[in-house]
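Reading through the structure tokens given below for one structure.
Please treat every number below as a calculation from the coordinates, not as lab data. As the structure is a computational prediction, the values presented were derived from the model and not from experiment. Here Cβ is always computed from backbone atoms with ideal geometry, including for glycine, and neighbour counts include all displayed protein chains.
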Amino acid sequence: MMNRYERMPHQPVEAEVVYLDAEYRVRRPGSFVRCAVTHAPIALEELRYWNVDLQEAYATPQAKLERLRQLKAL
């Protein structure tokens, strides 16, 4: 049973982000972005790897390397 001061847990919302050279700017608020390689959710506070030119986020350094390998194969 909930009392009137408790909030219902809200669904996580995917953010829309603009990736810049040393930072990113949130265009549409949310709690996570998706990895371009694994499609795994990445919490914004844990976001460390992205590609400015492709405007993509990566969950791990290995995911970023995999994406670079994919691009070289094209």
## Note on the structure
Flagged in the range 18-43 as in a strand (DSSP E or B) and on the phi > 0 side of the Ramachandran plot, in numbering order, are none
### Query
Of the residues that make up the range 45-52, is at least one of a type in the set (A, V, I, L, M), surrounded by 10 or more Cβ atoms within 10 Å (Cβ to Cβ) and under 18 Å from residue 70 (Cα atoms)?
yes
### Query
Which of the residues spanning the range 44-72 are polar (S, T, N, Q) and not in a loop (DSSP other than H, G, I, E, B)?
51, 62, 70
### Task
Mind listing whichever residues of the range 36-58 are in contact with a Lys or Arg (Cβ under 9 Å, 6 or more places away or on another chain) and farther than 17 Å from residue 21 by Cα?
36, 37, 40, 41, 42
